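Before any comments, here is the structure.
The values are calculated or read from the model by the stated rules, or taken from the named source; none is laboratory data. Fair warning: this is a prediction, and the values are worked out from it, not measured in the lab. Positions of Cβ are generated from backbone atoms using ideal geometry, with glycine treated the same way; all protein chains shown enter the neighbour counts. Side chains are part of the model used for accessible areas, which takes the heavy atoms of the whole protein and leaves out ligands, DNA and RNA. Shrake-Rupley method; radii C 1.70, N 1.55, O 1.52, S 1.80 Å.
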Amino acid sequence: MLKKIFILTLVFAFSLTSIFAQESNTNSESESNGNKPREELSKNFIDALASQDENLLVEAIESGSPRVKALAFEALAKKGSSSEALVNAVNRYVTYGLNNTASQNSDSEVRYQALKAAKVAKSETSVSAISQVLYAEQETFNIIAAVQALGEIGSSKAVPALLFQLRLGKTQGIVYEVAVALGKIGDKLALSDLIDLSQDDRYFVAVRQAAVDAIKNIKPSSSSSESSSSEQ
């Protein structure tokens with residue numbers, strides 16, 4: 001009798017588990033299926049704004065959800081926008097959610113797309129905000145996007161933040177992009193670090209070659225040029 005009761009109890013418990021599992025799967029499928037139309041709606045919304053006025057996209061950045069913000073920055077970058085309104089938005093959102101320890105992926109995506117837009121806009125007024133990213137960002141893709149943006153802007157004000165990432169050496173990819181950016185800027189402050197990098201066996205040949213190419217782009221100081229001329 002006890003054995004029969006024990007078996008019935010197990011069957012009952014198994015049935016409950018199966019029911020809950022089915023309900024959970026159903027809810028997950030519903031949520032998953034519901035996300036796709038919402039994603040398409042956000043994309044269609046931004047496409048509609050992009051066909052109208054650029055200012056509407058900037059307004060969407062200010063008032064929309066994180067996903068809408070990211071899509072709006074992406075659309076503005078594709079349009080090649082460099083308006084003052086966009087640059088102001090870039091300067092506010094390249095650090096969006098950066099200091100939030102519970103930051104969601106949507107926040108990271110906003111930062112990434114804002115940095116992509118900054119790369120297109122090439123405004124020197126963005127250097128300070130983007131440099132903050134290099135001191136605090138943990139996402140590799142965002143660090144690379146920030147480095148590339150600073151390289152395109154080409155301001156020597158970005159060199160300290162770029163050297164911070166070079167010395168940190170988080171990944172080979174980041175170090176490579178930093179070397180390329182420093183070469184585009186051509187500031188002599190980076191020369192010593194680039195020389196060290198070019199001779200560092202810990203890095204791939206492509207990374208070290210990027211350092212060599214960057215060294216070539218740094219103009220020698222006037223005193224060096226004068227001494228070379230006098231020797232001739």
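Taking the Cα-to-Cβ direction at SER192 and at ARG167 and moving 7 Å from each Cα, how far apart do the two end points lie in nm?
Label-label distance for SER192 and ARG167, simple model: 0.9 nm.
I need the peptides 174-186, 128-140 ranked by packing, meaning the mean over residues of other C-beta atoms within 10 angstrom, with the highest value on top.
Packing proxy ranking, top to bottom: 174-186, 128-140.
What does the charge add up to near LYS170, with Lys and Arg as +1, Asp and Glu as -1, over the other residues with Cβ less than 14 Å from its Cβ?
So the surrounding residues net to -1.
Calculate log10 I(q)/I(0) of the range 90-223 for q = 0.12 Å⁻¹, where I(q) comes from the Debye formula with a single equal point scatterer on each Cα and nothing for solvent.
At q = 0.12 Å⁻¹ the computed log10 ratios are -0.43.
Remind me, relative contact order of the range 118-181 in percent, using alpha carbon pairs under 8 angstrom and six or more residues apart?
38 percent
How large, in percent, is the carbon and sulfur part of the accessible surface of the range 48-189 at a probe radius of 1.4 Å?
Using a 1.4 Å probe with all protein chains present, the range 48-189 comes out at 47 percent carbon and sulfur.
Using 0.36 nm per residue of separation minus the Cα-Cα distance, give me the extension gain between LYS219 and GLU59 in nm, one decimal.
53.3 nm
What is the P(r) of the range 44-162, as percent of Cα-Cα pairs per 10 Å bin from 0?
Calculated P(r), rounded to whole percents: 16, 50, 29, 5, 0.
How much length, in nm to one decimal, is gained on full extension between GLN52 and ALA206, taken as 0.36 nm per residue of separation minus their Cα-Cα distance?
Here the segment from GLN52 to ALA206 would lengthen by 51.0 nm.
Return the distance in nm (one decimal) between the two label points of a simple spin-label model at THR125 and ASN35, each offset 7 Å from Cα along Cα→Cβ.
3.7 nm
Evaluate the distance, in nm, between pseudo-label points positioned 7 Å from the Cα of ASN99 and of LYS79 along their respective Cα→Cβ axes.
Output for this residue pair reads 3.1 nm.
Accessible area per residue of the range 114-176 at 1.4 Å probe, in Å²?
40 Å²
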